[in-house]
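Written out below as structure tokens is the structure these notes cover.
The values are calculated or read from the model by the stated rules, or taken from the named source; none is laboratory data. Note that the coordinates shown come from a computational prediction; the quantities given were computed from them, not determined experimentally. Positions of Cβ are backbone-derived with ideal geometry, glycine not excepted, and every protein chain shown enters the neighbour counts. The area values use the complete protein model at the heavy-atom level, side chains included, leaving out ligands, DNA and RNA. Shrake-Rupley method; radii C 1.70, N 1.55, O 1.52, S 1.80 Å.
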Amino acid sequence: MQAARRSLVALQEIARQQSLRLLVETMPPAWIPADLDEAFALVEGLDDEWVGFCLDTNHANLKGDLVEIVRALGQRLWSVHLSDNDGIDQRHWLPLRGVIDWRALLAALDEIAYAAPLFYELDPHPEGPERGVAAIAANFAQLLALR
């Protein structure tokens, strides 16, 4: 934690000079930050104009309630990685294949007026990239239909 914190402090100044934003990603249970307490400890006192969060649904779902996490991150949530899992291990499955309550998650994102990118973070499609892109497009349509 101390090394990660020192790195963020140093990187914040570089980010400011380059007009870039730093994002701390929610990580799986054995990594840093493994939960919201660690995530907020890492960014404590850093400039919220330059340092925010990336919610990785696959990681965060293994440690906490995604709706509560979205609400806690609030306006400092600047990016979301979309993938599903079985609630036990990282799986990087398409949303709606695993245990995540996508309707509740999307409602929470609407609640905080999230308007930043949504990124799919998936394992490679077994039938190649063209099939993968088609699967993502169909999946995104399914997610939109939940709203």
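Hey, what's region 1-141 come to in accessible area per residue, 1.4 Å probe, Å²? All intermediate terms of the calculation are to be shown ahead of the outcome.
Values: 7740 Å² over 141 residues.
So region 1-141 comes to 55 Å² accessible per residue, rounded to a whole number.
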Restricted to region 1-132, the DSSP antiparallel beta bridge percent, nearest 5, is 10 percent
Rounded to the nearest 500, the 222 nm mean residue ellipticity computed for the chain from DSSP H runs (n ≥ 4, each -39500 (n - 2.57)) alone is -13000 deg cm²/dmol
Ordering 75-83, 6-14, 87-95 by per-residue average of other C-beta atoms within 10 angstrom, highest first, gives 75-83, 87-95, 6-14
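Would you work out what percent of the accessible area of the chain, with all protein chains in place, is carbon or sulfur (probe 1.4 Å)? Mind dumping the intermediate values first?
Values: 4430 of 8200 Å².
Solvent-exposed carbon and sulfur of the chain make up 54 percent of the total.
Remind me, relative contact order of the chain in percent, using alpha carbon pairs under 8 angstrom and six or more residues apart? Present the calculation step by step, with values, prior to reporting the outcome.
On the way: 220 pairs, mean separation 26.3, N = 147.
So the answer I get is 18 percent.
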With label points set 7 Å from each Cα along the Cα-to-Cβ direction at residue 72 and residue 13, the distance between them in nm comes to 3.0 nm
